[in-house]
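Engineer: Once you've had a glance at the structure underneath, I'll fire off some questions.
The values are calculated or read from the model by the stated rules, or taken from the named source; none is laboratory data. Owing to the predicted nature of the structure, the values given are computational and were not obtained by experimental measurement. No Cβ is skipped: glycine too gets one built from the backbone with ideal geometry, and neighbour counts run over all protein chains shown. For accessibility, only protein heavy atoms count, side chains too; no ligands or nucleic acids. Shrake-Rupley method; radii C 1.70, N 1.55, O 1.52, S 1.80 Å.
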Amino acid sequence: MKHTLVALMEDKPGVLNRVSSLFHRRNYNIESLTVGHSEVPGISRMTIVLEGEDRIVEQVVKQLSKLINVTHVLDVSDKPTVVRELALIKVRAASRTRSEIAELARIFRARIVDVGATSLTIEITGPEERVDSLVGLLRPFGIEEMARTGRVAMVRSGEDDGNNGKGYSSQTAMPQSVPLMAQEVPM
Amino acid sequence: MRLTGAQAVWESLVREGVETIFGVPGGAVLPLYHALADYPIHHVLVRHEQAAAHAADGYARATGKVGVCIATSGPGATNLVTGLATAYMDSSPVVAFTGQVPSPVIGTDAFQEVHVTGITLPITKHNYLVTHAQELPTVIKEAFYIARTGRPGPVLIDISKDAQIAEIEYAYPDEVHLPGYRLPQGDFSSQVQEAAQMLNEARRPVIIAGHGVILSGTEDQLVELAEKGHIPVVATLLGIGAMPDEHPLCLGMGGMHGQGHANMALAEADLVLSLGSRFDDRFTGPPHTFAPLARIIHVDVDPAEIGKNVPADLAVIGDLKDVLPALTPLVEARDRSAWLARIREWREESAQLDILAQETDDLIPQYVVRQIWHATQGNAIMVSDVGQNQMWEAQYYVHRRRRGLISSGGLGTMGFALPAAIGAQMGLRDEQVWVIAGDGGFQMTIQELATIAQEQIPLKIAILNNGYLGMVRQWQEFFFERRYSGSRLSGPDFAQVARAYGIPGLTIREKSEVVPAITQAVTSDGPMLLDFHIVPEENVYPMVAPGSAIYNMIRRPKTVQNGEEE
């Protein structure tokens with residue numbers, strides 16, 4: 001089963017290296033990993049997508065939680081989430097195919113962000129499946145370049161996010177002494 | 001108070017109660033060494049940085065305090081790696097300091113520059129690169145806290161040379177702020193109740209005593225629990241000493257070279273209560289074959305250990321210091337005489353197969369270890385190396401005292417014993433510390449004889465010299481067609497080498513010389529090396545073949561003559 005993990009970590013040098021090194025050392029296979037700022041200054045938010053048995057994913061969560069700079073890890077796979085990915089796709093476009101491509105972009109609610117003499121660059125945001133569909137339809141035209149961000153995810157409002165309903169949005173919601181694993185991962 | 005970064009390091013160490021450190025100076029730590037002379041910290045100069053890490057580890061294991069080592073940048077730092085990995089695998093609290101090239105040239109491949117925080121990332125509990133002197137007090141406070149709390153482990157602090165020189169206004173923090181570091185404080189009372197109920201219902205329970213019992217200092221509570229419930233206890237290699245070996249409920253070590261009766265007890269147990277053990281493969285065999293009839297209760301301070309190797313039916317996450325006092329009162333006395341009688345039968349079988357029950361004039365290693373036990377009355381701190389010598393020590397020295405065995409369990413680091421024993425002896429000056437090593441492992445850190453001589457460390461060293469990398473040879477005998485590829489080993493005259501370092505050395509070739517030699521070592525005030533030329537092809541029994549269940553043991557053949565089994 002595919003799992004989505006959300007991890008919050010201190011924004012310090014080398015922290016990304018600690019996380020990626022852990023995956024490599026423990027032989028975990030990561031499908032995508034994205035990282036950026038969270039709403040709390042000094043705290044980065046990482047979304048990790050990995051395929052694996054529940055037992056393995058449970059280990060990933062526990063091992064990640066042991067990293068001193070990682071403050072919070074949550075498996076959101078079973079929770080209602082908003083999931084998005086952004087992709088930039090540069091597709092070959094001759095004058096006779098340009099309108100067809102533009103029409104596809106419109107159907108997918110994607111945007112054309114750059115127009116060149118022989119290509120168009122399309123920006124699409126959405127769940128990965130939607131991005132996959134558009135990529136599939138564009139491929140026959142010739143995709144010259146593509147950049148995908150990987151998944152970012154957020155638990156929907158009003159759902160139990162595993163943090164006693166406090167959300168992550170304030171400093172006080174940062175767990176102080178909660179045995180994270182005991183609560184959040186079924187043993 | 002105005003201090004340089006270097007002074008801030010030592011000031012902080014004094015405040016952490018550090019009295020002894022182990023290290024080797026070099027270019028990138030010269031400011032640190034320059035300042036060291038003004039502080040009441042004894043620096044033990046070792047001859048190779050690997051030994052500094054092992055010594056700090058041995059010091060920590062013997063005393064329960066954090067061990068400290070120091071090395072320069074580049075090769076000094078990389079030489080620490082084996083020692084840090086050893087400490088990490090065995091959850092030993094060590095703080096390592098390394099010098100780093102000045103911060104303006106970090107990343108330029110400067111002389112003796114290496115990315116030590118990157119290299120040690122997977123073998124430390126945490127590490128730091130400090131390039132600003134004002135960070136030092138906080139970082140050191142955190143490092144000691146992280147190293148000794150929860151599941152202990154090594155922490156490395158890499159300090160650029162300019163940060164050692166810069167001046168700061170020094171203040172040592174009273175507390176740490178580590179939002180991502182949480183110790184288990186959860187309410188485990190319902191799990192403890194369930195555990196007690198499972199124990200009370202069990203007819204054939206066994207306790208596994210792991211290293212965690214020793215690390216948490218709960219040896220007395222373990223005995224109390226075992227005695228109250230009449231529950232036999234099997235130790236892991238690093239759990240040896242958690243319960244006195246002579247205690248009637250103590251079955252000794254289990255696992256690949258465990259006691260037959262200990263492995264059989266695990267095979268037939270209907271309940272296993274693991275206290276601070278991580279179900280290492282050398283202890284369990286293939287996980288699905290381990291304790292096949294038992295429900296398993298796993299108590300550990302580290303949640304990541306639960307279910308990692310062997311699935312647990314019940315997990316209790318917490319420090320044994322908290323868990324055992326909650327559990328024992330709920331455990332009821334049960335009549336388990338039938339179960340204990342069954343174990344006694346296996347124990348008698350083990351005794352019959354014991355080589356010491358057989359007549360032989362050969363100089364066998366088991367006899368040497370047993371005589372060291374007699375001479376020290378089981379009260380020495382034994383520091384074993386890795387391989388056959390380690391297993392013979394574990395099987396034939398009857399450990400009486402807590403923290404009485406120090407050995408590299410997880411990483412299995414040959415060359416560990418001598419430097420680790422230096423650390424142990426520096427921590428416990430009035431105790432007798434013995435090294436048990438093979439001729440192979442001893443040659444990996446033999447240079448530390450110079451450290452012993454310089455520091456006048458009264459270590460007693462027993463080399464079980466069989467001219468082989470013995471455990472390799474044994475595996476080749478059993479599983480690789482007796483082809484002793486690469487395992488035949490020559491060595492120096494170890495007694496002469498010792499004497500060259502200024503340490504008395506004896507060579508023992510006959511069984512009759514064993515007791516006088518050991519007596520001489522035990523009664524001498526200083527260090528002594530005993531080189532025992534043992535039967536070359538003696539094997540460790542029982543042995544569980546890799547991939548086999550631990551109850552499928554290769555037992556000792558009945559008779560032994562001239563080292564050849566028939």
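Engineer: Look at segment B:104-140 and say how many of its residues are surrounded by fewer than 18 Cβ atoms within 10 Å (Cβ to Cβ), more than 12 Å from chain A (Cβ to nearest Cβ) and outside any loop (DSSP other than H, G, I, E, B).
Structural biologist: 4
Engineer: Among the residues of segment A:50-61, how many are in contact (Cβ under 8 Å) with a residue 60 or more places away in the chain and surrounded by fewer than 21 Cβ atoms within 10 Å (Cβ to Cβ)?
Structural biologist: 0
Engineer: Determine whether residue A:156 is within 30 Å of residue A:71 (Cβ to Cβ), crowded, with 19+ Cβ neighbours inside 10 Å and of a type outside the set (A, V, I, L, M). Even if it seems obvious, please write down each step before you answer.
Structural biologist: Values: within 30 Å of residue A:71 (Cβ to Cβ): yes; crowded, with 19+ Cβ neighbours inside 10 Å: no; of a type outside the set (A, V, I, L, M): yes.
The answer is no for residue A:156.
Engineer: Then there is this: Based on what the data block shows, is residue B:135 under 18 Å from residue B:13 (Cβ atoms) and in the same structural domain as residue B:84 (by TED's automatic domain parsing)?
Structural biologist: Working: under 18 Å from residue B:13 (Cβ atoms): yes; in the same structural domain as residue B:84 (by TED's automatic domain parsing): yes.
When the stated conditions are applied, residue B:135 passes them.
Engineer: I'd like to check something: does segment B:161-182 contain any residue that is on the phi > 0 side of the Ramachandran plot, open to solvent by 30 Å² or more (accessible area, probe 1.4 Å) and touching a helix residue (DSSP H, G or I) at 6+ places or on another chain (Cβ under 8 Å)? Don't jump to the end; show me each part of the working.
Structural biologist: Going residue by residue through segment B:161-182, those that are on the phi > 0 side of the Ramachandran plot are none.
Scanning segment B:161-182 turns up no residue that is on the phi > 0 side of the Ramachandran plot, open to solvent by 30 Å² or more (accessible area, probe 1.4 Å) and touching a helix residue (DSSP H, G or I) at 6+ places or on another chain (Cβ under 8 Å).
Engineer: Criterion first (open to solvent by 60 Å² or more (accessible area, probe 1.4 Å) and not in a helix (DSSP H, G or I)) does residue B:344 satisfy it? Even if it seems obvious, please write down each step before you answer.
Structural biologist: Details: open to solvent by 60 Å² or more (accessible area, probe 1.4 Å): yes; not in a helix (DSSP H, G or I): no.
Spelling it out, it is not the case that residue B:344 is open to solvent by 60 Å² or more (accessible area, probe 1.4 Å) and not in a helix (DSSP H, G or I).
Engineer: Considering only residues of segment B:294-310 that are touching a Gly at 6+ places or on another chain (Cβ under 9 Å) and in a loop (DSSP other than H, G, I, E, B), which is most open to solvent (accessible area, probe 1.4 Å)?
Structural biologist: B:301
Engineer: Please enumerate the residues belonging to segment B:459-515 that are among the charged types (D, E, K, R), open to solvent by 10 Å² or more (accessible area, probe 1.4 Å) and touching a residue at least 24 places away in the same chain (Cβ under 8 Å).
Structural biologist: The first filter runs over segment B:459-515 and keeps only residues among the charged types (D, E, K, R), leaving B:460, B:473, B:477, B:481-483, B:488, B:493, B:499, B:509-511, B:513.
Restricting the remaining residues to those that are open to solvent by 10 Å² or more (accessible area, probe 1.4 Å) gives B:477, B:481-483, B:488, B:493, B:499, B:509-511, B:513.
Of everything in segment B:459-515, those that are among the charged types (D, E, K, R), open to solvent by 10 Å² or more (accessible area, probe 1.4 Å) and touching a residue at least 24 places away in the same chain (Cβ under 8 Å) turn out to be B:477, B:493, B:509, B:510, B:511.
Engineer: Of the residues in segment A:81-132, how many are over 24 Å from the mean Cα position of the chain (by Cα) and assigned to a loop (DSSP other than H, G, I, E, B)?
Structural biologist: 8
Engineer: Give the residue that is least open to solvent (accessible area, probe 1.4 Å), with candidates limited to residues of segment B:311-325 that are within 12 Å of chain A (Cβ to nearest Cβ) and of a type in the set (Val, Ile, Thr).
Structural biologist: Per the stated criteria, the residue is B:316.
Engineer: Can you pull out the residues in segment A:1-24 that are open to solvent by 40 Å² or more (accessible area, probe 1.4 Å) and either more than 16 Å from residue B:123 (Cβ to Cβ) or more than 9 Å from chain B (Cβ to nearest Cβ) (or both)?
Structural biologist: Once the filter is applied, which keeps residues that are open to solvent by 40 Å² or more (accessible area, probe 1.4 Å) and either more than 16 Å from residue B:123 (Cβ to Cβ) or more than 9 Å from chain B (Cβ to nearest Cβ) (or both), segment A:1-24 yields A:1, A:2, A:11, A:12, A:13, A:16, A:20.
Engineer: Residues of segment B:399-413 being over 18 Å from residue B:425 (Cα atoms) and touching a His at 6+ places or on another chain (Cβ under 8 Å), which ones?
Structural biologist: B:409, B:413
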